[in-house]
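Please read the structure below before turning to the comments.
We did not get these values from a lab; they are worked out from the coordinates using the rules stated. Only a predicted model underlies this, so the values are computations on that prediction, with no experimental measurement involved.
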Amino acid sequence: MEELEVFEQDFKQFLIVNGVHSEEWEEMNRSNKQKAVQLVEVFSDSVLQKVYEKIRFLEHRSKNSCLVFKLNNENVELISIHTKKDSTLSLETPESIHQAFQKNVEELSVFKTEKPYEKTRELEVHKLLQQNCFQSSELFWESLISIIK
């Protein structure tokens, strides 16, 4: 319910569009909690859908790898950067990645690929977020493209 407060106006509009006015909503909350929760879940899914539609770039970093995803409408592109075995390099920050390309490029393995979505785009975005990816930027993507060319 705390999260719902942030979207109070959006939720009110959602209820109206779905034919539920404030008195009906209040009554539903008193007499049919399960139906009210289901309605909130539908609203939550629609908000999440809109958020996922806006995400264009994600990345995942660890000491030994940096994966950057460009989420197009029909497919996902990937730039994968890995340190070679026994490397002491770190790929955990943009600065360390830049430094690795500047001074130790021979210790890196880099490739770019793309593939169509296995499921829907938004489900793929959700899956990547569940795997600890975070939002990235077009600027970072483009700078990596220019480096690997």
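Details
- Residue with peak Gaussian network fluctuation, the chain [Cα springs, cutoff 10 Å], from E138, E77, E124: E138
- Radius ratio Rg over Rh of the chain, counting only Cα atoms, Kirkwood formula for Rh: 1.18
- Every helix of 4 or more DSSP H residues in the chain counts as -39500 (n - 2.57), and over all residues that averages to -16000 deg cm²/dmol at 222 nm.
- Normalised contact order of the stretch 1-79, rounded percent, pairs of Cα under 8 Å and 6 or more residues apart: 14 percent
- Long hydrophobic helices in the chain: the complete DSSP H runs spanning 30 Å or more by Cα along their own axis with mean Kyte-Doolittle hydropathy of at least -0.5 are 33-54.
- Remark: the stretch 70-84, residue by residue, has Karplus-estimated 3J(HN,Hα) of 10, 9, 7, 5, 10, 8, 10, 9, 10, 10, 10, 10, 10, 7, 6 Hz, where x stands for each Gly or Pro and the curve is 6.51 cos²θ - 1.76 cosθ + 1.60 at θ = phi - 60°.
- As a length-normalised measure over Cα pairs under 8 Å and 6 or more apart, the relative contact order of the chain settles at 21 percent.
- For the stretch 2-53, alpha-carbon Rg and Dmax in angstrom: 11.0, 35
- Shape class for the stretch 72-149, computed from the alpha carbon gyration tensor (a ≥ b ≥ c): prolate, with a/c not under 1.5 and a/b above b/c.
- Residue pairs exceeding 31 angstrom between C-alpha atoms, taken from K12/K115; K35/K127; K54/K103; K33/K119; K85/K115: K12/K115; K54/K103; K33/K119.
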